[in-house]
Amino acid sequence: NFVVNKLDWNNRGEYLAQLGQKYRYNVRKEILSFEDRFIVKTEKPQTEADIDACYQLYSAVYNKALELNVFKLPKSYFKAMCADDNYDVIQLYLKAELVEGATAPILVGVLFSELNTTTYNAMLVGLDYQYVKAHNTYKQILFQSLERAKELDCKTLDLAYTAELTKKKLGAKLQQARAFVQSTEHFNHQILDAILQ
């Protein structure tokens, strides 16, 4: 699990100063130099069409993300997050002038996060892969989560799993996570154990 514990900076200069020289260079080159291409919105999607657009971006990531095996969440879950004050949504729009034929900004990234008192838990990301490489949208939305956590006066930003190098560049540190399960029924475990032997 990757966590940013240092959100006590007052401005970007202070934030960048706490990063190592190489990571500082990477943030400037790969994120800050692309920032003016985007419009960032933190209002939650309200209409069915807006939620659908976010869900389609999430589905695109789900279909490509093979590193962590999880089940696909239903759209009703996203509707519930949009209606709950404990969740925050960052929407990343690419400016229209950067997309041929576009007349309005295009939604290219979304991040659903849970607010837990002083922790901003980045949970579910959605991306339009047509723009990820050319505009560094994944790195940009992670950076915007850092800015949003700071804006909401959080003390910790939890960036979850995978994409180790990208998250380390932002100042995230690896934190061990463990899960425990207590089984009340052992028959299926015995069958699996017998098959594997």
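The values are calculated or read from the model by the stated rules, or taken from the named source; none is laboratory data. The model shown is predicted, which means the values in this text are computed figures rather than measured ones. Quick reminder, even Gly has a Cβ in these numbers, built from the backbone with ideal geometry, and neighbours come from all protein chains shown. When the accessible area is computed, the model is the full protein with side chains, heavy atoms only, and any ligands, DNA or RNA have been set aside. Shrake-Rupley method; radii C 1.70, N 1.55, O 1.52, S 1.80 Å.
Below are the figures for this structure:
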| quantity | calculated |
| --- | --- |
| Any pair with Cβ under 6 angstrom, 6 or more apart, that starts in region 109-128 at a residue that is within 16 Å of Ala163 (Cα to Cα) and ends at one that is acidic (Asp, Glu) and assigned to a strand (DSSP E or B) | Asn121/Glu114; Asn121/Asp158; Met123/Glu114 |
| Region 156-170: number of residues that are over 14 Å from Glu30 (Cα atoms) and open to solvent by 20 Å² or more (accessible area, probe 1.4 Å) | 7 |
| Single match in Thr162, Thr184 (criterion: part of a loop (DSSP other than H, G, I, E, B) and over 30 Å from Val40 (Cα atoms)) | Thr184 |
| Pair list, Cβ < 6 Å and 6+ apart or interchain, from region 155-175 residues that are within 21 Å of Leu16 (Cβ to Cβ) to residues that are modelled with pLDDT under 85 and open to solvent by less than 30 Å² (accessible area, probe 1.4 Å) | Leu159/Ala172 |
| Segments classed as helices (runs of 4 or more DSSP H), wholly inside region 67-155, with at least 2 members that are under 16 Å from the mean Cα position of the chain (by Cα) and over 28 Å from Lys29 (Cβ atoms) | 75-83 |
| Qualifying residues in region 171-180 (those that are open to solvent by less than 100 Å² (accessible area, probe 1.4 Å) and either among the charged types (D, E, K, R) or at pLDDT 80 or above (or both)) - the one nearest to the chain's Cα centre (by Cα) | Ala172 |
| Complete set of residues in region 19-46 that are assigned to a loop (DSSP other than H, G, I, E, B), more than 18 Å from Leu127 (Cα to Cα) and open to solvent by 70 Å² or more (accessible area, probe 1.4 Å) | Gln46 |
| Test: residue in region 24-33 that is within 26 Å of Thr156 (Cα to Cα), under 14 Å from the mean Cα position of the chain (by Cα) and modelled with pLDDT under 95 | no |
| Leading residue by the ranking (farthest from Tyr131 (Cα to Cα)) among those in region 47-66 that are under 18 Å from the mean Cα position of the chain (by Cα) and part of a loop (DSSP other than H, G, I, E, B) | Leu66 |
| Residue match in region 3-11 (condition: in contact with a strand residue (DSSP E or B) (Cβ under 6 Å, 6 or more places away or on another chain), touching a residue at least 60 places away in the same chain (Cβ under 8 Å), part of a helix (DSSP H, G or I) and β-branched (Val, Ile, Thr)) | no |
| Filter pass, Ser183 being among the hydroxyl-bearing types (Ser, Thr, Tyr) and surrounded by fewer than 18 Cβ atoms within 10 Å (Cβ to Cβ) | yes |
| Failed criterion for Ala122 (all others in (1) surrounded by fewer than 18 Cβ atoms within 10 Å (Cβ to Cβ); (2) within 22 Å of Phe78 (Cα to Cα) hold) | (1) |
| Selected residue (only one of Asn121, Asn136, Asn116 is at positive phi and not aromatic (Phe, Trp, Tyr)) | Asn136 |
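Yes or no, residue by residue, for (1) touching a Phe, Trp or Tyr at 6+ places or on another chain (Cβ under 7 Å); (2) of a type in the set (Lys, Arg); (3) open to solvent by 30 Å² or more (accessible area, probe 1.4 Å); (4) at pLDDT 95 or above:
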| site | (1), (2), (3), (4) |
| --- | --- |
| Asp52 | no, no, yes, yes |
| Leu57 | no, no, no, yes |
| Tyr62 | no, no, yes, no |
| Ala65 | no, no, yes, no |
| Leu68 | yes, no, yes, no |
| Phe78 | yes, no, no, yes |
| Tyr87 | yes, no, yes, yes |
| Gln91 | no, no, no, yes |
| Leu94 | yes, no, no, yes |
